[in-house]
Each structure stands twice: as structure tokens, then as C-alpha cells.
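Notes follow once the structure below has been shown.
A short reminder: the numbers here are calculations on the coordinates, not readings from a lab. Being a predicted model, the structure only gives us computed values, none of them experimental. With ideal geometry, Cβ positions are generated from the backbone for all residues, glycine too; neighbour counts draw on all protein chains shown.
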Amino acid sequence: MEFSQSDFDRLLLFEHARKTAETQYAVDPLDSENLTKWGGALLELSQFQSVPDAKKMINDAISKLEEALTINPAKGDALWCIGNAHTSYAFLVPDIDEAKVYFNKASEYFQKAADEDPSNELYRKSLEVAAKASELHMEIHKHGMSQQTTGGESSTSSSSKSSKKKKSSDLKYDIFGWIILAVGIVAWAGMAKSNTPSPPR
């Protein structure tokens, strides 16, 4: 598993955010903003883990975000983060029927976030993207499976296994990359719109 410098910087940033949130939680366990940051950091850190560890970390993130919602049920960014967590989890599940359960949960949370803040472009765009997530999941896993089966035969079974592990790992990073790219573009578009100066009167 190789990281670029920017990946390593992100890993350090989110690990620091996680530790800071954990420390702050010990001081004030009823700070919904801190719990949301903690859940978001765990979600980001999950991208650097193996699939089983990523699933565990995503579940931990959901737990923190749900705790934030028990304190403040109308917290739009926590609702939105839980939607992202369910989406990320769904892409780690190869079975489309099981993945659809997580995509549906994600859509519900994106809808709740949009209901809380109808003017938030990011929440509305996430809801639109979630509607297409199942198709993207099928394409990615179909491509991943065909990539693994057409990879050619190796001279030994151990090199074949390591090749499959590498392709599986590469596929995971491709999936997370597309998710990050989509969320990043939506976030950038939302920020660009909200920072546009109003026309002169």
C-alpha cells in the first residue's frame, strides 16, 4: 500500500483531528460539533485501511455521528456525514442487494439533511448522486471482477494471490477516489455558489 505525499498529509491531518476530538470528548461528551468532527475524521481515516478495518472504522464513525444526533437531531452536517458513511460502506460490499440497503440508508440521511437546510447545495447534490450510486456500484464491481479474472495466469499460486490482493486494494482505492472526487466537486461547487458576491442593486 503506497501513499503519495498528499495522502500521507491527509492521513496525518485526520489522525490529529481524531485524537483532538477524542480528547475533547473526555472534557465535554455533549458537544455535538466535536462528535461530528470525530465521526468525519474516522470516515476519512477509513479510506487508508484494509476493507475489514475500513468497515469497522466506518461503523465507529456512524456511532459517533448518531451520538451527535441524539444531542442535536437537527444537525445537518452530522446527517450528511452519516449518509456519506453508509455510501462508503456500501461500496465496500460486493453484493449489490446488500449494498442497496446501505445506499437507501444514505439517501434517507441525505434527505433529512436537505430537509433541515433546504438551501444547502451540498446536501441536495449528495441526494442526487445517491440516486445513481447503485449503478456506479455495479459498474465498479463488474469492472473489478473482470479485471481480476482476466489478469492472466501466474506461474505460482502465491503470486496469483498477491496479484489479486493488489488488484483488490487498487480497486478499493479507485472506489474511494471516485467518492472523494464526487464529494469534493460537490463541496467545491457549493462553496463557490455560497461565496459568489451578490449583484449590485
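Rounded to the nearest 20, the Cβ-based charge dipole of region 1-126 about its Cα centre (Lys and Arg +1, Asp and Glu -1) stands at 100 debye.
Take the Cα coordinates of region 13-96, assign each an equal point scatterer, and use the Debye formula without solvent to give log10 I(q)/I(0) at q = 0.11, 0.14, 0.18 Å⁻¹. Log-scaled intensity ratios, in q order: -0.27, -0.43, -0.68. Label sites at SER119 and ASP7, each approximated as a point 7 angstrom past Cα along Cα to Cβ, lie 4.0 nm apart. Multiplying the residue separation of LYS55 and VAL101 by 0.36 nm and subtracting their alpha-carbon distance yields 15.1 nm. Each residue, THR23 and ASN72, gets one label point 7 Å from its Cα in the Cβ direction; the gap between the two is 2.2 nm. All other residues whose Cβ lies under 12 angstrom from that of PRO29 are scored, Lys and Arg at +1 and Asp and Glu at -1, for a net of -3. Summing Lys, Arg as +1 and Asp, Glu as -1, what charge do residues with Cβ under 12 Å from the Cβ of ILE82 carry, ILE82 excluded? Around ILE82, the charge tally is 0. The distance linking region 99-145 with region 10-48 is 23 Å (Cα centroid to Cα centroid, whole angstrom). Working ranking of peptides 93-99, 107-113, 83-89 by packing, defined as the average number of other Cβ atoms within 10 Å per residue, highest first, is 83-89, 107-113, 93-99. Is the shape of region 1-146 rounded, prolate or oblate, going by the alpha carbon gyration tensor and its root eigenvalues a ≥ b ≥ c, with a/c under 1.5 for rounded and a/b larger than b/c for prolate? Oblate, because a/c is 1.5 or more while a/b does not exceed b/c. Summing charges over neighbours of GLY40, with a neighbour being any other residue whose Cβ is under 15 Å away from its Cβ, gives -3 when K and R count +1 and D and E count -1.
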